[in-house]
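Colleague: Below are the structure tokens for one structure; questions will follow.
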Amino acid sequence: MSTLGPRLHAIALKALEFPRILSPSFTKDVCVASVYNSETSREYRELVLWLENTKIRKLKREGGEREKLLSETLEDEAWSKNYEAYLKACECDETHLTCAESKIDFLINLALAEEYRDRFDIAEEEEEKE
């Protein structure tokens, strides 16, 4: 069960500047609803990969660690196995491993925390320059 829900997902994804939510061709409801389809949907996998590539950055680019989350190249079973390993690497607790929505909640919250941390670090660097 999702703790954020579709409305807060939409707000969080907009704050994170998720391209699909910012696109005028997609309504927030359609974009967020696509996340709820299942872990095997293309949209769900694209969101996971986008969060990792742009916000979370837990996996190394070198060595192909992030490529394990590419949905186009993996079958459902292989992707699910890599996704579970990714969630554990992100220190996702058991309570979030119950369904696709809870997993996305966890990743969105982690992405928001990383975004905040990045902005805080930038502000500190600017203050030190002054």
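The values are calculated or read from the model by the stated rules, or taken from the named source; none is laboratory data. Computed from a prediction, not measured in an experiment: that's the story for all the values here. All Cβ positions, even for glycine, are placed from backbone atoms using ideal geometry, and neighbour counts span all protein chains on display. Quick note on the areas: whole protein, heavy atoms, side chains included, nothing else; ligands and nucleic acids left out. Shrake-Rupley method; radii C 1.70, N 1.55, O 1.52, S 1.80 Å.
Colleague: Condition first: touching a helix residue (DSSP H, G or I) at 6+ places or on another chain (Cβ under 7 Å) and among the charged types (D, E, K, R). Now tell me which residues in the range 92-130 satisfy that.
Modeller: If the condition is that a residue be touching a helix residue (DSSP H, G or I) at 6+ places or on another chain (Cβ under 7 Å) and among the charged types (D, E, K, R), then GLU101, LYS103, ASP105, GLU114, GLU115 are the ones that fit.
Colleague: Still on this model: Search the range 113-130 for residues that are closer than 19 Å to GLU17 by Cα and modelled with pLDDT of 80 or more and pair each with any residue that is open to solvent by less than 100 Å² (accessible area, probe 1.4 Å) and in a helix (DSSP H, G or I) when their beta-carbon atoms are under 8 Å apart and the residues are at least 6 apart or on different chains.
Modeller: Within 8 Å, the pairs are GLU114/LYS55; GLU114/ILE56; GLU115/ALA15; GLU115/LYS55.
Colleague: Among the residues of the range 84-104, are any touching a residue at least 60 places away in the same chain (Cβ under 8 Å) and among the aliphatic types (A, V, I, L, M)?
Modeller: Looking through the range 84-104, at least one residue is touching a residue at least 60 places away in the same chain (Cβ under 8 Å) and among the aliphatic types (A, V, I, L, M).
Colleague: For LYS58, indicate whether it is open to solvent by 40 Å² or more (accessible area, probe 1.4 Å) and more than 14 Å from the chain's Cα centre (by Cα).
Modeller: Judged against the criteria, LYS58 is not a match.
Colleague: Does SER80 satisfy the condition of being among the polar types (S, T, N, Q), open to solvent by less than 80 Å² (accessible area, probe 1.4 Å), assigned to a loop (DSSP other than H, G, I, E, B) and at pLDDT below 90?
Modeller: Judged against the criteria, SER80 is not a match.
Colleague: Something else: I need the helices (runs of 4 or more DSSP H) fully contained in the range 12-72, keeping only those with at least 1 residues that are farther than 21 Å from SER102 by Cα and at pLDDT 80 or above.
Modeller: Helices (runs of 4 or more DSSP H) meeting the threshold: 19-22.
Colleague: Do you know which residues across the range 81-98 are closer than 16 Å to THR40 by Cβ and more than 15 Å from the chain's Cα centre (by Cα)?
Modeller: Once the filter is applied, which keeps residues that are closer than 16 Å to THR40 by Cβ and more than 15 Å from the chain's Cα centre (by Cα), the range 81-98 yields only LYS81.
Colleague: Could you run through the range 90-109 and say how many residues are part of a helix (DSSP H, G or I) and open to solvent by less than 40 Å² (accessible area, probe 1.4 Å)?
Modeller: Summing the residues that are part of a helix (DSSP H, G or I) and open to solvent by less than 40 Å² (accessible area, probe 1.4 Å) in the range 90-109 gives 8.
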